[in-house]
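Below: the structure, in structure tokens.
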Amino acid sequence: MHRPFGCLRKWWLPLVRIAVVVPEGSEKPYSCGGGYYSRLDGNTQKMTRDKLRIMFSEHDPLPFEERSVRGFSFDQVSKAKIRAFTKEAEISIGRTAAPDFLKSLNVAEGERIKNAGILFFAKRVHEYLSQAQMTLLAFKGTDRRFIYDRRDVRDDLLTQFNEAVAFLKKHLNVRSEIKGVDREDIYEIPLEVLREGVVNALMHRDYGITGTQVSVEIHDDRVEIVNPGGLPKGLSLRELGKVSIRRNEIIADLFFRMQKVERIGMGIQKMRDLMVAAGLQAPIFQPNGFFRAIFHRSPEFALKNGRPTSEKEFGEKFGEKFGESSEKVRRKFGESSEKILSLLEKRSTASAREIAEALDLTQRAVEKQIAMMKAGGRLRRHGSPRGGHWDRFTRSISIPTFR
């Protein structure tokens, strides 16, 4: 008795596996009826506009920094910016003409100035490359709702770098240590880390993506530095910090000449090592269309328990308490506090009367200064009023040093 083929039991059927291999094309990108798609972790996702622009720029045969802007000539080059560059690079060009100097830097060719040259030396960079800009933001809180300081920098890359560092120094907490006869300012996040983060953003951003900018964001708990363009093509997140691939070879070389970056490309590992050495969380890097570097601030530096968060607030708070104007309090605090602290480092058991006699101040003035320094976190008392001693904070705690 024969059964029809369609009635065969399933377990009689042989197990067949079919693999379809589609080779990678050489003329990307490809599209289908619904647009452009990409594969990520086994999933197919429709590409956003920003990701499309990144993909098109990555497959352009001529890098952005090698291209040029029609109409830009040597007349639009700033001699002042050439002088600023040579000063940073510690080189002398004597009477070398600007065109010859730019050609020696590989940012000019014949009568053509490359985009890399425009980014560093143009009189009005933003007029020719509108995306050559940086936004500096300081937020109140841990989200992006309340901005209390903002600066937009539309100028050359060296100016952007300097403005970003100045903005970070303005808004980060800092403590002071006296080492011998010198005073050293120590920021809650090592400045060397932040400088490296800023220069990496300027050096590795994708300048081909218009309508974007590098951003430096300061939040209560972290600093974020964001640049357009994810990881350079051929570099994975696992290899970040181990393998060096420069998206903009000429721009990287110019920063190296100014001694802002190391040529060997160890910036990522350097930032990690410095953060850990400072007792901070290692930085977090998130490459996803835009490259985001996150540096968490030190909680020990945070001004808590009602401590003043600005020079103005400090003056108003303690001026009201002691019946003086805020300006007078700020001025007196700056003039006398270091003298008192220096004396207490040598004579930690000195009383207010003894301090007043040694510094030719009134006892009442000394008591006010000590009260303000205690409230500001610069000084603390151990033991009883008579038998105790003073201790100046020298570790990572908040000291109201106002900029």
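Laboratory data are not the source of any read-out in this text; all were calculated from the coordinates shown. Nothing here was measured: the structure is a model prediction, and the numbers come from that model. Glycine also receives a Cβ, built like all others from the backbone with ideal geometry; neighbour counts cover every protein chain displayed.
A few notes on this one:
- Linear extension gain, residue 70 paired with residue 183, 0.36 nm per residue minus alpha-carbon span: 35.5 nm
- The modelled label-to-label distance for the pair residue 284/residue 191, using points 7 Å beyond Cα in the direction of Cβ, is 2.8 nm.
- Segment 64-128: proportion of alpha-carbon pairs further apart than 17 angstrom, %: 33
- Peptide packing: for 251-262, 190-201, the average count of neighbouring Cβ atoms within 10 Å per residue gives the ranking 190-201, 251-262, highest mean first.
- Summarising the amide proton neighbourhood of residue 297: residues at separation of 5 or more, or on other chains, whose placed amide H is nearer than 5 Å comprise 222, 223.
- Sequentially through segment 113-130, phi angles give Karplus couplings (6.51, -1.76, 1.60; θ = phi - 60°) of 9, 6, 4, 4, x, 5, 5, 9, 10, 6, 5, 10, 4, 5, 5, 9, 10, 5 Hz, Gly and Pro residues having no value and appearing as x.
- The simple spin-label model puts a point 7 Å past each Cα toward its Cβ; for residue 256 and residue 142 those points are separated by 4.0 nm.
- Qualifying GluC sites (Glu not before Pro) in segment 84-177, where qualification requires a DSSP coil assignment and no more than 10 other C-beta atoms within 10 Å, comprise 90, 111.
- Kirkwood Rh and Cα Rg combined as Rg/Rh, segment 103-157: 1.23
- Cα extents for segment 124-217 along the principal axes, largest to smallest and rounded to whole angstrom: 51, 29, 21.
- At full extension, residue 353 and residue 20 could sit 110.9 nm farther apart than now, given 0.36 nm per residue minus the alpha carbon distance.
- Distance between modelled label sites at residue 166 and residue 245, nm, 7 Å Cα→Cβ extension: 3.7
- Amide H contacts of residue 229 (H built 1.01 Å from N, under 5 Å, at least 5 apart or other chain): 206, 290, 291
- The simple Förster model, with R0 at 41 Å and r as the Cβ-Cβ distance, assigns residue 360 and residue 150 a FRET efficiency of 0.35.
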